[in-house]
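This report refers to the structure that appears directly beneath it.
The values are calculated or read from the model by the stated rules, or taken from the named source; none is laboratory data. In this text the structure is predicted, and so the values were computed from the model without any measurement. Quick reminder, even Gly has a Cβ in these numbers, built from the backbone with ideal geometry, and neighbours come from all protein chains shown.
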Protein chains: 2
Amino acid sequence: MVNGREYRLPRQPTVVFTIDGGDPRYLDDAFSRALMPHLKTVLSNGGVYALGRGCMPSLTNPNNLSIVTGVSPSLHGVPGNHYLDPASGEEVQLSDPRFLRAPTIHAALQAAGARVLMVTAKDKLRRLLGTGEVPSVSAECADRLELPAFHLGNVCELVGRPNPGIYDWDLSQYAMEIGLAVHRRLGLDLLYVSLTDYVQHKQPPGDTMADRFFQRFDELLAEYAREGFLIGITADHGMNAKPRIIYLEDVLDAAGVSTARVVLPITDPYVVHHGALGSFAWVHVGDAQLERARQAIAALDGVEEVYSREEAAVIFEHPTDRIGDLSVTADAQTALGKSAAKHDLSAIGNGLRSHGGRHEQIVPIIVSRPLREPYASQHAAGVRNADIHELLLNAVA
Amino acid sequence: MVNGREYRLPRQPTVVFTIDGGDPRYLDDAFSRALMPHLKTVLSNGGVYALGRGCMPSLTNPNNLSIVTGVSPSLHGVPGNHYLDPASGEEVQLSDPRFLRAPTIHAALQAAGARVLMVTAKDKLRRLLGTGEVPSVSAECADRLELPAFHLGNVCELVGRPNPGIYDWDLSQYAMEIGLAVHRRLGLDLLYVSLTDYVQHKQPPGDTMADRFFQRFDELLAEYAREGFLIGITADHGMNAKPRIIYLEDVLDAAGVSTARVVLPITDPYVVHHGALGSFAWVHVGDAQLERARQAIAALDGVEEVYSREEAAVIFEHPTDRIGDLSVTADAQTALGKSAAKHDLSAIGNGLRSHGGRHEQIVPIIVSRPLREPYASQHAAGVRNADIHELLLNAVA
């Protein structure tokens, strides 16, 4: 029993791939141009693909934690990549294991005897996923990390090539190669591989690097299948071009709200992707100017939802102590920033592509084998990415 | 097993009350003025009260069906009180049992031997809830309906007073009295009582009729407790004053969108409550003018979310064949209409109070006894009203 659900021990090697920024439109485009022949074969042999929901905000850390715990941020405690610590008044990355309030499925199944491994593309997520003594490694730091639990030293040597840089298109595929190499050496029962969305931030479906990303992804899927893996594929969030940017601190200044502090939960150390601009923001403003701030923000074209802390906690399933006084979402075309002066857009190049809002909440939910009822009907009607381990472990026909 | 979940048979008489329009602010206000002494005692003796979520749109039929099936509209098939039938092109009330695509928990437990009963205040909901041969009766039609399954004839005689009219404040309490009377005569295992929101549409927390409503509700709770009932209380939706009305067909006409048809899923036969104005609308517009319609609507102050059919199906968990090409939500202060000419506001009197949007998705989730883990933590972090039967039947300590 993990966070209210029973999971069966894997009966065959089982892997979940979380395609960071894996908007279903990338897969649909790649299918339509026959770039993913292996996945196509899987689906024509009874594998299932439906659209499902990620949690809000549609960001990497909240969704990866939901996928590995099976529950919402209200229970796992991580509603952003980043938040304002009310005790210190400082903005902090939500990347330390102490922030996690629920055990992972992987830690529980490891305690029950399964051999499990977490592999991430970028190292920032690795420590959270490895909570509970689960062996973890990242492609980013594969040249520096070892896997002592498995008595494995040099990970790059095991893979057979040096690890790419964090802005190389195939860092994600290297993470997939690590999982494969460890499995071939030792045999794994349950593997989680979380990719990175540098390519998706840079290119829409059909561009050269995106094509290469999904072609190589498909080749590696075929290798996993040959090793006998039951495969689940989902995404943490989708991705949209966001030509409009609204700077909320500038808006609030103009409206005479002097006490506001805007916190962007998409913030992470890698600004080249998105300059910390996405479609979700928290506003810390205090009671006196709350209503004025709410009205000023709600009136903006491009802003969608504006909630009080209590509303947001219920509607988004967020922990009340780690969110703002207001929670704000923007539409598909709009990103939210602090003030124009606080964001460096020089690295964004060809136009901002980002996520964080409702319009990037739609993700693929793929299982490589048929599901039995009632799971099959539920899957077709739209489950959460947080349900993918239940589908793989409990629902395969 | 009902819709993917196991429910235990009731081990004591068990009742769920769904307070139509039972915004938590009514309860909080009544508590603060000591108007609900029985409920206060229940909560101080280990009963639990937390805020949770209803489904979208925050309307009566979708939420009542979610509560009695345990699943979302994508699975139970009823995303509104009303919809546009694509086959006929006509607008139809979603009140016939043929629209329901999932069995109720009550039908399943009845088949397993439990004595169950559905009681509604208004008759419009009764037939849907009674799907699967579940005995059902409404306060509205108590003078005309019998309960042949229980060999009971005149329901009003059993209650001991004539049934009130549909615009009397105590029609809801009469529904509660019916359940009590049938239980005293026969013994019930599982009872569902769905109230009506005429009072909540008319009055904010603290007004005379609202006070009377919650005082009498509390007195009846005490009577149920004396009969040994395990009690769950939730709501289908909250309620907000909506001083602003946006007429979407007028907006679309002005934007040059000639093909649009606006459908309001709040529509029901009782227009005195809300004049069919709420914070949710569907737009049927076809592909050619879809993007123009989307932009015109999204730019409006007061509109929050605007989704395509595919997005709405995933984000709101809706059945794709029973929704519009666009789904639109409005903020707490804003209601959506067709055109000014198509709504009769004369009956609304003291100002519109209504629901349908996200800001009315917050509902109380009350159980009269302590919960065991992991349910207790989940409940505190915010469950769905659709989970209340699971809490009562599976989670009580």
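For region A:352-372, the condition holds for at least one residue, the condition being that it is without any contact (Cβ under 8 Å) to a residue 60 or more places away in the chain and either of a type outside the set (Lys, Arg) or within 12 Å of another protein chain (Cβ to nearest Cβ) (or both).
Being over 21 Å from residue A:174 (Cβ atoms), of a type in the set (Asp, Glu), assigned to a loop (DSSP other than H, G, I, E, B) and assigned by TED's automatic domain parsing to the domain that holds residue A:188 is a description that applies to residue A:133.
Within region B:295-322, no residue that is farther than 20 Å from residue B:63 by Cα and more than 8 Å from chain A (Cβ to nearest Cβ) sits with its Cβ atom under 6 Å from a residue that is among the basic types (Lys, Arg) and not in a strand (DSSP E or B) at 6+ positions apart or across chains. Consider residue B:388 carefully, then state whether it is in a strand (DSSP E or B), more than 10 Å from chain A (Cβ to nearest Cβ) and surrounded by 23 or more Cβ atoms within 10 Å (Cβ to Cβ). In short, no. Could you tell me which residue of region A:130-156 is farthest from residue A:197 (Cα to Cα), considering only residues that are surrounded by 22 or more Cβ atoms within 10 Å (Cβ to Cβ) and polar (S, T, N, Q)? By that ranking, first place goes to A:131.
Has region A:137-153 got at least one residue that is in contact (Cβ under 8 Å) with a residue 40 or more places away in the chain, touching an Asp or Glu at 6+ places or on another chain (Cβ under 6 Å), farther than 23 Å from residue A:105 by Cα and in the same structural domain as residue A:67 (by TED's automatic domain parsing)? Checked against the condition, which is being in contact (Cβ under 8 Å) with a residue 40 or more places away in the chain, touching an Asp or Glu at 6+ places or on another chain (Cβ under 6 Å), farther than 23 Å from residue A:105 by Cα and in the same structural domain as residue A:67 (by TED's automatic domain parsing), region A:137-153 yields no hits at all. Answer yes or no as to whether residue B:103 is more than 14 Å from chain A (Cβ to nearest Cβ), surrounded by fewer than 20 Cβ atoms within 10 Å (Cβ to Cβ) and of a type outside the set (D, E, K, R). No; evaluated as a whole, the condition is false for this residue.
Residues A:330, A:340: which one is surrounded by 24 or more Cβ atoms within 10 Å (Cβ to Cβ), more than 9 Å from chain B (Cβ to nearest Cβ) and closer than 19 Å to residue A:250 by Cβ? Lay out the reasoning, then the answer.
On the way: A:340 fails: surrounded by 24 or more Cβ atoms within 10 Å (Cβ to Cβ).
Only one candidate passes the filter, namely A:330.
Would you please name the residue that is farthest from the other protein chains (Cβ to nearest Cβ), looking only at residues in region B:264-294 that are surrounded by 21 or more Cβ atoms within 10 Å (Cβ to Cβ) and aromatic (Phe, Trp, Tyr)? Taking the candidates together, the pick is B:282.
Applying the selection to region B:338-358, what residues are more than 18 Å from residue B:60 (Cα to Cα) and among the small types (Gly, Ala, Ser)?
At the first step, the residues of region B:338-358 found to be more than 18 Å from residue B:60 (Cα to Cα) are B:338-351.
Residues satisfying the conditions are B:339, B:340, B:341, B:346, B:347, B:349, B:351.
All of B:313, B:332, B:347, B:299 fail the test of being modelled with pLDDT under 95 and within 22 Å of residue A:302 (Cα to Cα), apart from B:299. Evaluating residue B:347 against the criteria (1) out of contact with any Gly (no Cβ under 8 Å at 6 or more places or on another chain); (2) more than 10 Å from chain A (Cβ to nearest Cβ); (3) more than 24 Å from residue A:74 (Cβ to Cβ) leaves one unmet condition, (1). Here residue B:211 passes the criteria (1) surrounded by 15 or more Cβ atoms within 10 Å (Cβ to Cβ); (2) part of a loop (DSSP other than H, G, I, E, B); (3) not hydrophobic (A, V, I, L, M, F, W, C) except the one numbered (2).
What are the residues in region A:239-271 that are within 16 Å of residue A:81 (Cα to Cα) and within 18 Å of the chain's Cα centre (by Cα), if any?
Residues satisfying the conditions are A:264, A:265, A:266, A:267, A:268, A:269, A:270, A:271.
Taking region B:109-129 as the search range and keeping residues that are surrounded by fewer than 20 Cβ atoms within 10 Å (Cβ to Cβ) and of a type in the set (A, V, I, L, M), which one is nearest to residue B:171 (Cα to Cα)? Checked region B:109-129; the qualifying residue nearest to residue B:171 (Cα to Cα) is B:114.
Scan region B:157-190 residue by residue and report those that are over 24 Å from the mean Cα position of the chain (by Cα) and either assigned to a loop (DSSP other than H, G, I, E, B) or within 22 Å of residue B:128 (Cα to Cα) (or both).
The first filter runs over region B:157-190 and keeps only residues over 24 Å from the mean Cα position of the chain (by Cα), leaving B:157-162, B:184-187.
Within region B:157-190, B:160, B:161, B:162, B:187 meet the criteria.
Within region B:40-95, the only residue that satisfies the criterion of being crowded, with 16+ Cβ neighbours inside 10 Å and among the basic types (Lys, Arg) is B:53.
Could you pull out the residue among B:81, B:45, B:61 that is in contact with an Asp or Glu (Cβ under 8 Å, 6 or more places away or on another chain) and away from chain A (no Cβ under 14 Å)? Spell out the reasoning first.
On the way: B:45 fails: in contact with an Asp or Glu (Cβ under 8 Å, 6 or more places away or on another chain); B:61 fails: in contact with an Asp or Glu (Cβ under 8 Å, 6 or more places away or on another chain).
Matching residue, one of B:81, B:45, B:61: B:81.
More than 19 Å from residue A:351 (Cα to Cα) and not assigned by TED's automatic domain parsing to the domain that holds residue A:61: which single residue out of A:223, A:249 fits that description?
Working: A:223 fails: not assigned by TED's automatic domain parsing to the domain that holds residue A:61.
Unique residue meeting the criteria: A:249.
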